[in-house]
Amino acid sequence: MDALYEEGIIPTYSFPKNVVSTYISDINGKVKYQVERGLDVAVGEYAPGRAIVVDKTTYQIGGLYYPGGERSEKNAASPAKAFIQDASYRKRIRTCNQCGWFGLEEDNPSTCPFCGNKALTNMLPMLRPWGFAPRNATSIETAQLNEEYSATQQPLYSTLPNADDVTVVNGCANIRMAVRSNQRIIMLNKGVGGKGFTICCDCGAAMPGDDPVVLKDILRPYRSRFAKTRCKHTDTANVNLGYDFVTDMLVLEFALDRQQIDINPMRNSWLNRAGQSLAEGLRLAVCQELDIEFTELVTGYRVRQNRAGDFVDIYLYDSLSSGAGYAVSIESSIRQLLTKTRELLDGCTCDSACHRCLKHYRNQHIHNVLDRKAALDLLNWGETGTRAPAISYGNQQHLLKSLKQILLLSGVHIDVGHETVWAEGDNGKKKVIVYPAMWTKPAEENAIFVSDVYLKYAKPYALKTIVDSL
Ligand SMILES: [Zn+2]
Ligand SMILES: [Zn+2]
Ligand SMILES: [Zn+2]
């Protein structure tokens, strides 16, 4: 780090305001545009492979860069080196393959704090970006642009939750709450398909992917009069982009019961939809109540399983640029805020989510999992300990109707009786029962159970369930 200060490469204050810029230089290597963003946004939107438009010109991000290093003869060929070797920029990450937890190696985790697994493994190192620059240090014709999208995963907190700091939320059957200070939050962009990014440790050229070949035709992301020959990118590293910071947070812990509730956390599962949507609903309710911008607060959820049981945590913390203590300030009014959240979720007429309730520009990346009804189910469970009611027969018929034609093509005939829907294939006939996705899948002889969520949002899967059961 000291070397960097001496060279004047990095300002002597550390990580000013948690922002980072994309630098676009002219043909002589002089910075013409500097586009600044919060790190939380930049790690997704400025990731190598992504395109940005500045002053009507399109650029594809093609490396990490901070102006200055290329101006000295000594560093011109390898301005990225000092950053990559700096432990505050490149951090080792340990992960638990059983539950998906990950945390910094510098915190010396020996066992997974969430599930107790002792066999932690290494994940790709996390590289905190120091700045971005266009591919080949120049603009790109839109016709040649093959933009590669990667996004930041939902932020995860990684520190050990203290079992004894949680208190029961008054009047709630299954919700407990904790205010936790100094929680480490990690945000990661794992590249396209989880392969991270390959970066040249000398020039900083970077592209998504884990094979150095992705840098084959890529030039340095900057120009320097001292670096005349092409960088051969002989020293590369495979990394995730990301950063970590420490904040205070409010955690609502929902105790689940796997005998009753489906705890599968896959993308389209009830638990994922419910957790994500309730977190989003709570964030909207709190922002309205405190009269603050939506961007001031961050929410997320995570599923935890350990010897004590299954939990989903809904957490809330001040955004990176805020730090005003909003998240923690709501502890005393949490009941009120849960009521407000309920009103927000309940007060719409849409089927899953719309722009009048949960959707808005800032949460586009999760629009397809937002589901106010799933969130209400989870909130009900938390407050009263009751599950979603069984689906009326009329509704079951209605949901199954949408599959009737396509089932016929698979040789399955749907027969709607007075009280039962039957599915008949070449090998037999069984009852079809639609159940609320919140439930653990029921079992009964000669019956096929299909969840309402699969019928609504994953028809091919519902179809397969029925066809395979006959
Ligand atoms: Zn674990
Ligand atoms: Zn290089
Ligand atoms: Zn709505």
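Debye calculation, C-alpha points only, no solvent: report log10 I(q)/I(0) for the range 409-470 at q = 0.27 Å⁻¹, in the same order as the q values.
Each listed q maps to, in turn, -1.29.
Compare the Cα positions of Ile27, Thr198, Asn380 along the charge dipole of the chain (+1 at Cβ of Lys, Arg; -1 at Cβ of Asp, Glu; about the Cα centre) and return the one farthest towards the positive end.
So the residue furthest toward the plus end is Ile27.
Which part of the range 423-461 falls in the paramagnetic zone of Asp468, meaning amide N under 11 Å from the point 7 Å along Cα-to-beta-carbon?
Once the point is set 7 Å along Cα→Cβ of Asp468, 461 turn out to lie under 11 Å by backbone N, inside the range 423-461.
Farthest toward the dipole's positive end in the chain, which of Pro79, Ala423, Gly325, given Cβ charges of +1 (Lys, Arg) and -1 (Asp, Glu) about the Cα centre?
Working it through, the farthest residue towards the positive pole turns out to be Pro79.
What accessible area per residue, rounded to a whole number of Å², is obtained for the chain using a probe radius of 1.4 Å?
On the way: 22400 Å² over 470 residues.
Value returned for the chain: 48 Å² of accessible area per residue.
Quick one, can you get me the convex hull of the C-alpha atoms of the range 24-122 expressed as volume per residue in Å³? Don't jump to the answer; show the numbers that get you there.
On the way: hull volume 13.8 nm³, N = 99.
Normalising the Cα hull of the range 24-122 by residue number yields 139 Å³.
What per residue convex hull volume, in Å³, comes out for the range 303-413 when only alpha-carbon positions are used?
Working: hull volume 23.3 nm³, N = 111.
Here the figure is 210 Å³ per residue.
Using only alpha-carbon positions, what ratio does the radius of gyration of the chain give when scaled by 2.2 N^0.38 Å? Could you put the intermediate results ahead of the total?
Details: Rg = 25.7 Å, N = 470, 2.2 N^0.38 = 22.8 Å.
Compared with the compact-globule rule of thumb, the chain sits at 1.13.
Can you give me the C-alpha center-to-center distance between the range 310-362 and the range 185-218, rounded to a whole angstrom?
If you average the Cα positions of each part, the centres end up 35 Å apart.
Between Ser72 and Thr440, 0.36 nm times their residue separation minus their Cα-Cα distance comes to what?
Working: separation 368, 0.36 × 368 = 132.48 nm, distance 6.41 nm.
That works out to 126.1 nm of additional length.
Below 22 Å, Cα to Cα, which lysines can Lys56 reach? Residues fewer than 8 away in the same chain don't count.
Leaving aside lysines fewer than 8 places away in the same chain, those within reach of Lys56 are Lys30, Lys32.
For the range 231-389, give the percent of accessible area contributed by carbon and sulfur heavy atoms, probe 1.4 Å, rounded to a whole number. Display every interim value, and only then the final one.
Working: 2960 of 6670 Å².
It is 44 percent, rounded to a whole number.
Take the alpha carbon atoms of the range 411-449, find their center, do the same for the range 58-110, and report the distance between the two centers in whole angstrom.
One Cα centre to the other: 54 Å.
Over the range 92-143, what is the mean sequence separation of C-alpha contacts under 8 Å (at least six apart), divided by residue count, expressed as relative contact order in percent?
Details: 57 pairs, mean separation 18.0, N = 52.
It comes to 35 percent, rounded to a whole number.
Only helical DSSP H runs with n ≥ 4 go in: add -39500 (n - 2.57) per run for the chain, normalise by residue count and round the 222 nm mean residue ellipticity to 500 deg cm²/dmol. Write out the running numbers ahead of the final one.
On the way: 10 runs with 102 residues, N = 470.
The helix-only estimate for the chain comes to -6500 deg cm²/dmol at 222 nm.
Enumerate by residue number the trypsin sites (Lys or Arg not before Pro) in the range 184-278 meeting two conditions: DSSP loop (anything except H, G, I, E, B), and at most 15 other Cβ atoms within 10 Å of the site's Cβ. Don't skip to the answer; put the middle values down first.
Numbers: sites: Arg184, Lys190, Lys195, Lys216, Arg223, Arg225, Lys228, Arg230, Lys232, Arg258, Arg267, Arg273; in loops: Lys190, Lys195, Lys216, Arg223, Arg225, Lys228, Arg230, Lys232, Arg258, Arg267.
Here the trypsin sites (Lys or Arg not before Pro) that fit, given the DSSP loop and packing criteria, are Lys216, Arg225, Lys228, Arg230, Lys232, Arg258, Arg267.
Multiplying the sequence separation of Ser410 and Thr142 by 0.36 nm and subtracting their Cα-Cα distance, what value in nm do you get?
On the way: separation 268, 0.36 × 268 = 96.48 nm, distance 4.42 nm.
Length gained between Ser410 and Thr142: 92.1 nm.
Taking every Cα atom in the range 82-173, find the radius of gyration and the maximum pairwise distance Dmax, and write them in Å.
Spelled out, the Cα radius of gyration and Dmax of the range 82-173 are 19.6, 61 Å.
Using Cα atoms only, what is the angle between the long axis of helix 459-469 and the major principal axis of the chain, expressed in degrees (0 to 90) to the nearest 10?
Result, in degrees: 50.
Take the alpha carbon gyration tensor of the range 154-296, find the square roots of its eigenvalues, order them as a ≥ b ≥ c, and report rounded if a/c is under 1.5; if not, report prolate when a/b exceeds b/c, else oblate. Let's see the in-between values first.
Numbers: a/c = 2.97, a/b = 2.34, b/c = 1.27.
Prolate shape, in that a/c is at least 1.5 and a/b is the bigger ratio.
Return, ordered by residue number, the residues of the range 239-256 whose backbone nitrogen is under 11 Å from a label point located 7 Å along Cα→Cβ of Arg184.
Taking a point 7 Å out along Cα→Cβ of Arg184, the residues of the range 239-256 whose backbone N falls under 11 Å are 244-246.
Helix 270-290 sits at what angle to the longest principal axis of the chain, using alpha carbons and giving 0 to 90 degrees rounded to 10?
With both axes taken from Cα atoms, the answer is about 70 degrees.
Report, ordered by chain and residue number, the lysines lying within cross-link reach of Lys431, taken as a straight Cα distance under 20 Å and ignoring same-chain residues fewer than 8 apart.
Excluding near neighbours in sequence, the set is Lys401, Lys404, Lys441, Lys456, Lys459, Lys464.
Full extension from Met266 to Asn306: what is 0.36 nm times the residue separation minus their Cα-Cα distance, to one decimal in nm? Show your work: numbers first, answer last.
Details: separation 40, 0.36 × 40 = 14.40 nm, distance 1.81 nm.
12.6 nm is the gain from fully extending Met266 to Asn306.
Once you charge only the Cβ atoms, +1 for Lys and Arg and -1 for Asp and Glu, what is the size of the charge dipole of the range 57-175 about its Cα centre, to the nearest 20 debye?
Details: 10 positive and 11 negative charges, 63 e Å.
Charge dipole of the range 57-175: 300 debye, to the nearest 20.
Treating only the Cβ of Lys, Arg, Asp and Glu as charged (+1, +1, -1, -1), what charge dipole size does the chain show about its Cα centre? Round to the nearest 20 debye. Before the final figure, lay out each step's value.
On the way: 53 positive and 52 negative charges, 202 e Å.
Roughly 960 debye, rounded to the nearest 20.
Under a straight-distance cross-link criterion of Cα-Cα below 17 Å, which lysines are reachable from Lys74, leaving out those fewer than 8 residues away in the same chain?
Partners within reach: Lys228.
Below 8 Å between Cα atoms, with a sequence gap of 6+, how large is the relative contact order for the chain in percent? Intermediate values should be presented prior to the final figure.
Working: 970 pairs, mean separation 60.0, N = 470.
Reported as a whole number, the value is 13 percent.
The values are calculated or read from the model by the stated rules, or taken from the named source; none is laboratory data. Here the structure is a predicted model, which is why all the values come from computation and not from measurement. Cβ atoms come from the backbone with ideal geometry, glycine included; neighbour counts cover every protein chain shown. In case anyone asks, the SASA skips ligands and DNA or RNA and just uses the protein heavy atoms, side chains included. Shrake-Rupley method; radii C 1.70, N 1.55, O 1.52, S 1.80 Å.
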